[in-house]
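A short worksheet on the structure shown next.
The values are calculated or read from the model by the stated rules, or taken from the named source; none is laboratory data. Bear in mind that the values here come from a model prediction, so they are computed numbers and not experimental data. Cβ atoms come from the backbone with ideal geometry, glycine included; neighbour counts cover every protein chain shown.
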Amino acid sequence: MDALKTRLAEVLAAYGADPARWPAAERARLQAAIQSEPQLLAEAREIDLVLAKAAAPVIPAGAASRLLARAGQARPALNVVPFDPARRGQGQRQRSIWSWGAAAALAASFACGIFLGTTNFAARLGDSEVVEIDDPIVLTGIDDATVLLEGES
Amino acid sequence: MFMPGERKRPGDVSARNTETGPSNDPDSALLAAVAAGDEKAFAGLVERHYDIVYRVVWRVTSGHADTEDIVQEAFLKLWNNPSQLRQGAALRGWLMRVATNLAIDRARRKQASNLDDQPEIADSGPDALDQVLGDRSATDINSALARLPERQRLALSLVYFENMSNIEAAAAMEISVEAIESLLARGRRALKADLKDRWRDLLADIGGMSQ
C-alpha cells in the first residue's frame with residue numbers, strides 16, 4: 001500500500017490531478033487509491049488550474065502558406081531522373097552495341113588462351129630468348145657474382 | 001489527428017495519456033512522396049503538423065517573434081533532406097525535436113551575444129493584446145513559465161499543453177519516460193515556487209481555491 005501511495009504521489013506531481021493524463025497502464029490502480037490522498041490531489045489540481053490559465057499561442061494567419069512559398073524557392077536536388085520513354089529505346093540500342101563489343105573481346109581472348117595453352121607457345125619462346133642477369137642486386141649472395149659481372153678473363 | 005486551425009487546450013479531455021504511441025502511420029506515404037520531390041505531399045505534412053510544432057516552439061521561446069522563422073527552418077530541413085526520416089510515425093517527434101533544438105540554439109546564441117535578451121512577444125493578434133493589457137494573471141503565469149529551464153518548459157508543453165502521452169513526449173525529447181516524469185514534476189514544483197507570492201491571488205482570480 002505504501003508503494004501505491006508513493007507512486008500516486010509521483011504521478012500527481014508529474015501529471016497533475018486529471019487521471020486522463022496519467023500513464024494508462026497505472027490509471028485504474030491509482031484511481032482506486034486517490035481518495036486516500038486528498039491533500040496531494042488538491043495541490044495537483046491547483047497547479048493544473050494555474051497552467052490552464054497560461055496564454056495560448058495563436059498561429060499567425062498565412063504562416064503555413066509562407067512556409068510553402070519558401071519551400072518552393074528551395075527545391076531539393078533530387079537524384080531521380082524523370083522517366084523518358086523516348087530515351088528508353090536509344091539506351092537499349094547503345095547498350096546492345098557495347099554488349100556485342102564486349103562479347104567479341106571476351107571470345108577473342110578465350111581463343112587466344114586456348115591457342116597459347118595447346119601449342120606450348122610460351123615454352124618455345126622461352127627457349128629462344130636469352131635472359132640477361134647483370135643486376136648486382138639480383139646477384140648478391142652468389143659466390144661467383146663478380147666473375148659473372150666482369151666476365152672471365 | 002490534429003486538423004489545421006484546431007486548438008487543443010489543456011482542459012481538453014479528448015486526449016489521453018496512453019502507453020502506446022500513434023497506432024496508425026499516415027505520414028509514411030507522404031514522406032515517401034516528399035522524398036521524390038512532391039510538393040503537394042509536403043504541403044500535406046505541413047497541414048498536419050504545422051500548428052502543433054508552432055505552439056510547442058512558441059512555448060519554448062516564450063512567445064518570441066522568431067517562432068515562425070524557427071518552425072519554417074525545421075520544416076525546410078525535412079524538405080531539403082527528406083531521406084533522413086523514413087518512419088512516418090516518428091515524424092511529429094522529429095519535427096518537434098529539430099524545431100525546439102533550433103529554438104534553444106538561437107536563444108543561447110542571442111544570450112551569448114547579449115543581444116535581445118528579453119523575450120519578445122510575437123504578434124499573434126487579439127490574444128497577444130489581451131495578454132499584455134487585459135490579463136495580468138495569464139501574463140504572470142507565462143512569465144513564470146518562461147523562467148523555467150528549457151527542458152522543463154518543453155516537457156510541460158508536450159504533455160500538459162499538447163496532451164501528448166508520456167511515451168510520445170519521451171520519444172520527441174529522446175529521453176526516458178522516467179526522465180519526462182522528473183522534468184514534469186520539477187517544472188510544476190518550480191512554477192508554484194516562482195509564483196508563491198501571488199499563488200492565492202492567482203487561484204482566487206481563476207476561481208480555483210481548494211481550501
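Please work out which residue is nearest to the other protein chains (Cβ to nearest Cβ), limiting yourself to segment B:59-86 and to residues that are surrounded by fewer than 24 Cβ atoms within 10 Å (Cβ to Cβ) and either of a type in the set (D, E, K, R) or in a strand (DSSP E or B) (or both).
Result: B:Glu68.
Under 8 Å between Cβ atoms, which residue pairs at least 6 apart in sequence (or on different chains) link something in segment B:56-76 that is free of Cβ contacts under 8 Å to residues at least 12 places away in the same chain with a partner that is of a type outside the set (A, V, I, L, M)?
Close Cβ pairs satisfying both conditions: B:Gln72/A:Arg66; B:Gln72/A:Arg70; B:Leu76/A:Arg70.
Would you mind stating whether A:Glu46 is crowded, with 19+ Cβ neighbours inside 10 Å, under 20 Å from B:Ser157 (Cα atoms) and facing another protein chain (nearest Cβ under 9 Å)?
On the way: crowded, with 19+ Cβ neighbours inside 10 Å: yes; under 20 Å from B:Ser157 (Cα atoms): yes; facing another protein chain (nearest Cβ under 9 Å): yes.
Considered against the rule, which asks whether it is crowded, with 19+ Cβ neighbours inside 10 Å, under 20 Å from B:Ser157 (Cα atoms) and facing another protein chain (nearest Cβ under 9 Å), A:Glu46 comes out as yes.
Yes or no: B:Ser143 crowded, with 22+ Cβ neighbours inside 10 Å, within 11 Å of chain A (Cβ to nearest Cβ), in a helix (DSSP H, G or I) and at pLDDT 85 or above?
So B:Ser143 fails the test.
Somewhere in segment B:24-42, is a residue under 30 Å from A:Ala17 (Cβ atoms), in the same structural domain as B:Lys110 (by TED's automatic domain parsing), at pLDDT 85 or above and not small (Gly, Ala, Ser)?
no
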